[in-house]
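Since every read-out is calculated from the coordinates, none of them should be taken as a lab result. Here the structure is a predicted model, which means the values were calculated and not measured. As a convention, Cβ positions derive from the backbone with ideal geometry for all residues, glycine included, and neighbour counts pool all protein chains shown.
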């Protein structure tokens with residue numbers, strides 16, 4: 001192959017392989033590292049490894065680590081090649097599962113849960129950018145959908161596999177998760193787009209301008225954390241205790257939410273290729289508001305089923321659509337910086353959303369008020385998304 005031909009094809013090598021690598025990274029770093037811990041908490045408490053309060057703190061530690069990882073990812077990429085960071089993060093994610101197989105106390109677990117959160121934040125910032133940088137602009141909708149499907153697939157996998165694995169004991173469960181992590185790392189290893197150009201974010205050319213369009217997009221994406229916090233924290237409890245349907249039914253609807261999360265990014269990716277990311281992103285936020293708020297008013301089985309699937313699908317679709325919208329607004333060399341801002345904004349607001357949700361529920365004791373708050377925040381996010389698109393059109397017409 002001539003040098004000229006190689007230069008022409010290098011930016012878009014093996015988009016399907018790159019998409020699978022990105023999906024594997026988010027399945028491991030977010031889908032399993034974060035969400036597999038939730039169904040493990042009752043088993044950890046029952047086995048006497050931790051109290052319920054300690055297990056709750058360990059769950060929050062992962063989110064704190066995610067904040068750290070999202071904040072340091074871009075700076076770390078100044079000194080270490082992005083692909084080397086991504087591979088190292090996946091190895092550490094698998095190692096964190098193996099570390100948790102040993103019941104060596106709270107401090108030991110705290111360290112591993114913090115590491116798992118940090119590498120999750122690094123993977124969320126760097127992996128999608130690497131894949132989108134190696135993908136033709138005409139295929140970014142479906143490729144982004146494949147990548148972010150990994151998060152929902154991890155939720156569905158953990159909801160399905162953990163109840164069966166804990167029967168064999170907690171060490172076996174953690175080591176099985178470690179083996180899955182190693183398999184995902186190997187699956188992704190050769191698929192990363194080494195030829196993709198991910199420039200140094202320190203250069204002025206790699207910094208997106210703080211235009212009204214971009215500021216409103218960052219605000220919109222951050223506010224999603226307030227919208228998504230109530231269902232991710234209280235959905236199962238609302239069904240199991242609030243509606244009196246029991247933990248088994250609550251667990252089933254959590255699985256349905258996970259299946260929706262696995263399908264949403266892919267389905268909306270195809271829509272975005274036809275309608276554009278701006279319009280699709282705004283419409284999905286409106287749909288998310290309906291899915292979060294509807295069960296509080298009409299808690300029948302059909303509504304619960306559709307709302308569970310829709311909340312997962314729309315909630316995770318906002319991630320792929322948000323990343324695609326960022327790539328639509330700025331040149332790909334500025335995407336990592338903008339996506340890093342968006343990821344950090346979401347992580348901070350999502351953490352705050354968990355405490356705000358707990359405060360609302362503790363004071364009012366009302367699931368309806370809690371989900372009404374989440375639905376209202378989804379509509380606020382949709383408003384900022386619409387304003388962002390409107391300011392872009394206004395700027396382009398001047």
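Numerical summary
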| quantity | calculated |
| --- | --- |
| In nm, spacing of pseudo-spin labels at residue 369 and residue 237 (7 Å Cα→C-beta vector) | 1.4 |
| Percent of C-alpha pairs per 10 Å bin, region 211-398, short to long | 10, 37, 33, 15, 4, 0 |
| Cβ-derived FRET efficiency at R0 35 Å, residue 215 paired with residue 172, nearest 0.05 | 0.10 |
| Residues 221, 367 arranged by fewest to most Cβ contacts within 10 Å | 367, 221 |
| Tensor-based shape of region 36-113 (alpha-carbon gyration tensor, a/c under 1.5 rounded, otherwise prolate or oblate) | prolate |
| Helix-derived mean residue ellipticity, 222 nm - over the chain, DSSP H n ≥ 4, -39500 (n - 2.57), to 500 | -28000 deg cm²/dmol |
| Label-point separation, residue 79 to residue 390 (7 Å along Cα→Cβ), nm | 4.5 |
| Ascending count of other beta-carbon atoms within 10 Å, so fewest first, for 49, 164 | 164, 49 |
| Cα point-scatterer Debye curve for region 12-198, base-10 log of I(q)/I(0) at q = 0.15 Å⁻¹ | -0.80 |
| Whole-angstrom gap from region 283-306 to region 66-138, using each part's C-alpha centre | 33 |
| Cα-Cα P(r), the chain, percent of pairs per 10 Å interval | 5, 24, 34, 25, 10, 2, 0 |
| Residues 335, 78, 17 arranged by fewest to most Cβ contacts within 10 Å | 78, 17, 335 |
| Mean separation of Cα contacts under 8 Å, 6 or more apart, over the residue count of the chain: relative contact order % | 24 |
| √(5λ) per eigenvalue of the Cα gyration tensor, region 56-165, largest first, Å | 27, 19, 11 |
| Pair residue 359, residue 306: separation of 7 Å Cα→Cβ label points (nm) | 3.4 |
| Region 157-193 residues near the modelled residue 102 label - backbone nitrogen below 19 Å, point 7 Å along Cα→Cβ | 170-179, 182 |
